[in-house]
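Values quoted throughout were computed directly from the atomic coordinates according to the rules given, and no laboratory measurement underlies them. Every value quoted in this text rests on a predicted model; they were computed, and no experiment measured them. Note: ideal-geometry Cβ built from the backbone for every residue, glycine included; neighbour counts use all protein chains shown.
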Amino acid sequence: MHVVRLLAPNDFAEWRGKARQLLAAGLSPGQVEWRMLGDAGGLLDDVDAMALPQADRPIGSVPRQFLDLAQQAICHADPARFAVLYDLLWALQSNNRLLEDAILSANSLLTKWASAVRRDSHKMKAFVRFKAIGDDSGLERYAAWFEPEHYTLEMTAPFFARRFDGMVWAIVTPYRSVYWDGDSLAFGPGGQRADVPQDDAVEDDWKTYFSSIFNPARLKVSMMKSEMPMKYWRNLPEAELIAPLIRGARQMADDMIERAASQPPSRHLRQQAREPETQDSLGDIATLADARAAIQGCQRCPLYEQATQAVFGEGPEQAAVMFVGEQPGDQEDLKGKPFVGPAGQVFDAAVAKVGIDRSSVYVTNAVKHFKFVPRGKRRIHQRPDGGEVQACKFWLNLEIGLVRPRIIVALGATAAQSLLGKAIKISALRGAPVSMADGTILFVTNHPSYLLRIPDAEGRARESAKFEADLMLVRQALDALSMRG
Amino acid sequence: MATLTLRRKLAILVDAAKYDASCASSGTEKRSSAGTGGIGSTEGSGICHSYAPDGRCISLLKILLTNFCVYDCVYCVNRSSSNVARARFSVEEVVKLTLDFYKRNYIEGLFLSSGVIRSPDYTMEELVRVARSLREEHQFAGYIHLKVIPNAAPELLVEAGRWADRLSTNIEMPTDIGLEALAPEKKPSEIRTAMANVRGKLDEAGPDKKARAKKPKFAPAGQSTQMIVGADAADDGAILNRAAGLYSGYKLRRVYYSAFSPIPDASARLPLKAPPLMREHRLYQADWLIRFYGFDVPEIVSGGEDGLLDLVIDPKLAWALKSRARFPVNVNRADREMLLRVPGLGTRSVERIIATRRHHSLRLDDVARIAGTIDKIRPFIEAVDWTPGGLTDDARLRARLVPPPEQLSLF
């Protein structure tokens, strides 16, 4: 049996040096006993006297995962940690994929220890409470007493250095202490609670916060205790409030429930008198601006409830031509403007190509709210149904009535259905104008988003050409109108 | 009027803020004060520095700048017609409190909200001033969460996102009808437009395929929202549909569900009883299933009755009990998606099962060791040495899995 003595309870580098020597000497876990300096069962002066057999058998590499696991597990307080780590290191020499096997007992033990250590370190980050120690030199100085369950001060101290760079502070634990001077970390011996101040001027504010943020109607004590175990309470200034808060909770909650509404304060009444009653009346819409404001309150169909906002048409009030699409898409819904998404860009390009001035036309949609189904982080467009198209016809009629376009272009079947009052096939109507009862000329073509959905470049080019040809007819009709004046 | 002490203001303005459910300080960029001489850091995941006896964590200093408010939302303790004590912090007072608490390691940062006073722009500008002062004058690198006041000017939103880690706009109610009934001055489309604007700024600041010059940062921890559960008649289906719509539309990191809790001086139009905490808990579980387990809303709702989730058992178990034809699942062969649907198996357990089975087939004991529990899992899986036989379809299965009734706590 070879006894290996370690100086530090949690120094991975030290353990690793010894373990490498043992491996090189070919010593199996059964031949080694790990002890801490000062442990019973041996003489103190045999620390380095234990000459390990000199040999240099090759040492296999271990997966990165082992190093991560071991650096954490070695901080655990269980005296068996050094031996279990060596067991696993030994086993990894013959099969270095062992760590993938969650059922291997050394694995699950080390994993459990590592996670207890991480938790302990996390709780230190959470539950250290600094107390101010005056600031004679102009620098603010703070100290904290903390009792970790494992040997976690060294691994946690850099966190405090990153967080409290501009302060001078110390954390004292029973086994070691650490001091930050604003520049570097220095470790020293452990200490006692009395080594740091007991009080802090801000503590009463903190207690005020703690008791005021608590909602007595929602008492969940077991939840609190599982996240803030009672072993930490003795060093948390707010913990002394917990018992009285719990005792008084039922009474406080009942009081809240029983305190019925009282007379509103006079401030409220004055305020109410100032606020004019706003009325969204649809009766007196005289301009596009009126309509644009009124449509935000539209509840003519259920689509308003999932969409962000109603997307009203846009363009000059006296535009000669009005383009009507289907409904706003994702981008239009977010920005509140029609034809700004991918299909809108296709539309803009095509219009420019045939020589129609984009800024001179009015663009809108048959349905003003975006219809979609949520799928994870995306919204999948849904075609509006007949009822929704019918309900929204009110707004489209209003736009047509106010803009009075000479030419209307229906982009896609939904728009055509809305304008003609019946379902139609695009292919049957495209290529020739339809004269409407009120004298406007109606053109029907595809919706630009149709072009985006064609997978092959050749098909897309063919359909784009047809779309542009349709727009060219619109342009010619426009030219003819302007010639006539 | 007598001036209030700072501590009295603190008590009032913390009390006014305690009904807001969100407190998280996670998901932001990594930052530290190292080498700056300032204080503060963020490391991706937040830290809960304390817990109140209501079981909720205390991570941020959660306060209102003021609880004066021009709105009269029925569910809100700060509504203008309420007779609660009122107070207002100065910008400097909030900054000092934040720094004092932070330096003692009580908190991760600040969550600042406010009643709306004068105008949305004025109120938002005050919130932004606090954040700007912390960052610019005090080199504060801790977490900041600011509440967005709907209808505030776009420039203020941009500046808020520059200083804050997270922005949130509360949707308040699961349905527009509910909001109109209880918060007559708030407009649902204005709230959603505010969220859409935040999303737009997040998109602009986000990684771009075409690498350009460094873009100004905007709310690296994204945006969140909250809705109140149990103050109106909306069922769980409506609530989860709303949440799914918000997640997909505005890139929200979190939707918080806040069980409506009785408030002092409450309006007679509200249900005055203990908050439906179990319902809130089930909604969080359901939300989790939507975001991490590939469930959709109709599936989850189908686990309960009449649009309400089962309060006795968790939503995944409720769904499994009603979808027994899809079980048992063979833990040695099933794909990840199906393993994730086994009651009692979480994402980590599933990953470990998949890694381990590359080495050897799993027995029931192995699954128990990985998952840490087996009772709930057993009827729904097959392993090398285990098949549930008739157990999966047993009519009494639900009764067996229902947790035993608990003694009510006495206090």
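For chain B, build the convex hull from the C-alpha positions and give me its volume per residue in Å³. If you can, show how the numbers build up before the last one.
Numbers: hull volume 76.9 nm³, N = 411.
Residue-normalised Cα hull volume stands at 187 Å³.
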(request) Report, in cubic angstrom per residue, the convex hull volume of the C-alpha atoms of segment B:1-81. (result) 166 Å³
(request) List the extent of the Cα atoms of segment B:296-361 along each of their three principal axes, largest first, rounded to whole Å. (result) 45, 22, 20
(request) Filter the cross-link list A:Lys225/B:Lys322; A:Lys371/A:Lys425; B:Lys201/B:Lys316; A:Lys123/A:Lys220; A:Lys112/A:Lys225; A:Lys337/B:Lys186 down to pairs whose alpha-carbon distance in this structure exceeds 31 Å. (result) A:Lys225/B:Lys322; B:Lys201/B:Lys316
(message) Using the Cα centre of chain A as origin and beta-carbon charges of +1 (Lys, Arg) and -1 (Asp, Glu), tell me which of A:Tyr362, A:Leu473, A:Ala70 is placed farthest towards the positive end of the dipole.
(response) A:Leu473
(request) Please provide three numbers in whole Å: the alpha-carbon extents of segment A:228-361 along the principal axes, with the largest listed first. (result) 79, 46, 25
(message) Suppose we keep just the DSSP beta bridges with both residues in the protein assembly as shown; what percent of those would be antiparallel, to 5?
(response) 35 percent
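Output the antiparallel fraction of DSSP beta bridges having both residues in segment B:1-158, as a percent to the nearest 5.
Working: 6 of 16 bridges.
Percentage antiparallel, nearest 5: 40.
Based on Cβ point charges of +1 for Lys and Arg and -1 for Asp and Glu, what charge dipole magnitude is obtained for segment B:1-158 about its Cα centre, in debye rounded to the nearest 20? List each step's numbers first, then the result.
Details: 19 positive and 16 negative charges, 82 e Å.
Approximately 400 debye in magnitude.
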(message) Give me a comma-separated list of calculated 3J(HN,Hα) values for segment A:453-458, in order, Karplus coefficients 6.51, -1.76, 1.60 applied at θ = phi - 60°, integers in Hz, x for any Gly or Pro.
(response) 8, 7, x, 8, 4, 5
(request) Just need log10 I(q)/I(0) for segment B:227-332 at q = 0.11 Å⁻¹, Debye formula, equal scatterers on the alpha-carbon atoms, no solvent, rounded to two decimals. (result) -0.38
(message) Under the rule of at least 5 residues apart or a separate chain, name every residue whose amide H is placed under 5 Å from the amide H of B:Ala231.
(response) B:Phe260
(message) Using a Förster radius of 30 Å, what is the FRET efficiency between A:Gln31 and B:Arg357 based on their Cβ-Cβ separation? Nearest 0.05, please.
(response) 0.30
(request) Work out from phi, with θ = phi - 60° and the Karplus expression 6.51 cos²θ - 1.76 cosθ + 1.60, the ³J(HN,Hα) of each residue of segment A:318-327, listed in order in whole Hz, and give x for Gly and Pro. (result) 10, 4, 7, 10, 10, 9, 10, x, 7, 6
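What number, rounded to the nearest 500 deg cm²/dmol, is the helix-based mean residue ellipticity at 222 nm of chain B, given -39500 (n - 2.57) per DSSP H run of at least four residues and division by all its residues? Don't jump to the answer; show the numbers that get you there.
Values: 14 runs with 143 residues, N = 411.
For chain B, the value works out to -10500 deg cm²/dmol.
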(request) Mind telling me which of B:Lys214, B:Lys62, B:Lys18 comes out most flexible in a GNM of chain B, alpha-carbon contacts under 10 Å? (result) B:Lys214
(request) In whole Hz, with x marking every Gly and Pro, tabulate ³J(HN,Hα) for segment A:118-124 from phi via Karplus 6.51 cos²θ - 1.76 cosθ + 1.60, θ = phi - 60°. (result) 4, 5, 4, 5, 4, 5, 5
(message) Less than 19 Å apart at the alpha-carbon level, and either on another chain or at least 8 residues along: which aspartates and glutamates does that give for B:Lys187?
(response) A:Glu275, A:Glu277, A:Asp280, A:Asp290, A:Glu305, A:Asp333, B:Asp72, B:Asp121, B:Glu172, B:Asp176, B:Asp232
(message) What does the structure give for B:38-50 when I average, per residue, the other chain Cβ atoms found within 10 Å of the residue Cβ?
(response) 5
(request) Give the whole-number value, in cubic angstrom per residue, of the convex hull volume spanned by the C-alpha atoms of segment A:100-234. (result) 157 Å³
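Quick one: order A:Ser108, A:Ser177 by neighbouring beta-carbon count within 10 Å, fewest to most.
Details: A:Ser108 14, A:Ser177 22.
Ascending Cβ contact count within 10 Å gives the list A:Ser108, A:Ser177.
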(request) Give, rounded to the nearest 20 debye, the magnitude of the charge dipole that the protein assembly as shown has about its Cα centre when Lys and Arg contribute +1 at Cβ and Asp and Glu contribute -1 at Cβ. (result) 1400 debye
(message) Suppose only helical runs count, i.e. DSSP H with n ≥ 4. What mean residue ellipticity at 222 nm does that imply for chain A under -39500 (n - 2.57) per run, divided by all residues and rounded to the nearest 500 deg cm²/dmol?
(response) -13000 deg cm²/dmol
(message) Using amide H atoms built in the peptide plane, which far-off residues or other-chain residues are under 5 Å from B:Leu60 H to H?
(response) B:Glu108
(request) For B:Val329, enumerate residues with amide H under 5 Å from its amide H, sequence gap 5+ or separate chain, H modeled in the peptide plane. (result) B:Ile381, B:Glu382
(request) Using only Cα atoms, tell me the angle between helix A:153-163 and the longest principal axis of chain A; keep it within 0 to 90° and round to the nearest 10. (result) 40 degrees
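Across the residues of B:199-207, average count of Cβ atoms on other protein chains within 10 Å? Let's see the in-between values first.
Values: counts 2, 3, 0, 0, 2, 0, 0, 0, 0.
Averaged over the peptide's residues, the number is 1.
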(message) Please enumerate, by chain and number, the aspartates and glutamates with C-alpha under 18 Å from the C-alpha of A:Lys207, excluding those fewer than 8 residues away in the same chain.
(response) A:Asp199, A:Glu238, A:Glu240, B:Asp15, B:Asp54, B:Glu93, B:Asp100, B:Glu108
(message) Can you compute the modelled spin-label distance between A:His122 and B:Ala153, with each label point 7 Å from Cα toward Cβ, in nm?
(response) 4.4 nm
(message) Please list the three semi-axes, largest first and in whole Å, of the ellipsoid equivalent to segment A:302-436, using sqrt of 5 times the eigenvalues of its alpha carbon gyration tensor.
(response) 23, 17, 15
(request) Any chance you could list the semi-axes, whole Å, largest first, of the equivalent ellipsoid that the Cα gyration tensor gives for chain A, using √(5λ)? (result) 74, 37, 20
(request) Rank B:Leu65, B:Leu179, B:Leu97 by mean-square fluctuation in a GNM of chain B with C-alpha springs under 10 angstrom and give only the top-ranked residue. (result) B:Leu97
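Could you give the Stokes-Einstein D for segment A:356-485 in µm² per second, using the C-alpha Kirkwood radius, 4 °C, 1.567 mPa s? Please report the intermediate quantities before stating the final value.
On the way: Rh = 16.1 Å.
Answer, rounded: 80 µm²/s.
On average over all directions, what projected area in square nanometres does segment A:311-388 have, based on the convex hull of its Cα atoms? Present the calculation step by step, with values, prior to reporting the outcome.
Numbers: hull surface 22.7 nm².
Reported value for the Cα convex hull: 5.7 nm².
Averaged over A:263-273, how many beta carbons belonging to a partner chain fall within 10 Å of each residue's beta carbon? Show your work: numbers first, answer last.
On the way: counts 2, 7, 6, 0, 5, 8, 2, 1, 6, 4, 0.
Other-chain Cβ atoms within 10 Å of each residue's Cβ, averaged: 4.
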(request) Give me the aspartates and glutamates in straight-line cross-link reach of A:Lys353: C-alpha distance below 18 Å, same-chain residues under 8 apart excluded. (result) A:Glu463, A:Glu468, A:Asp470, A:Asp479
(request) Set Lys and Arg Cβ to +1 and Asp and Glu Cβ to -1, take the dipole of the protein assembly as shown about its Cα centre, and tell me which of A:Ser226, B:Leu4, A:Ile424 lies farthest positive. (result) A:Ile424
(request) Specify the residue with the greatest mean-square fluctuation among B:Leu110, B:Leu401, B:Leu345, computed from a Gaussian network of chain B linking alpha-carbon atoms under 10 Å apart. (result) B:Leu401
(request) Compute the Rg/Rh shape ratio of the protein assembly as shown: radius of gyration over Kirkwood radius, all on alpha-carbon atoms. (result) 1.03
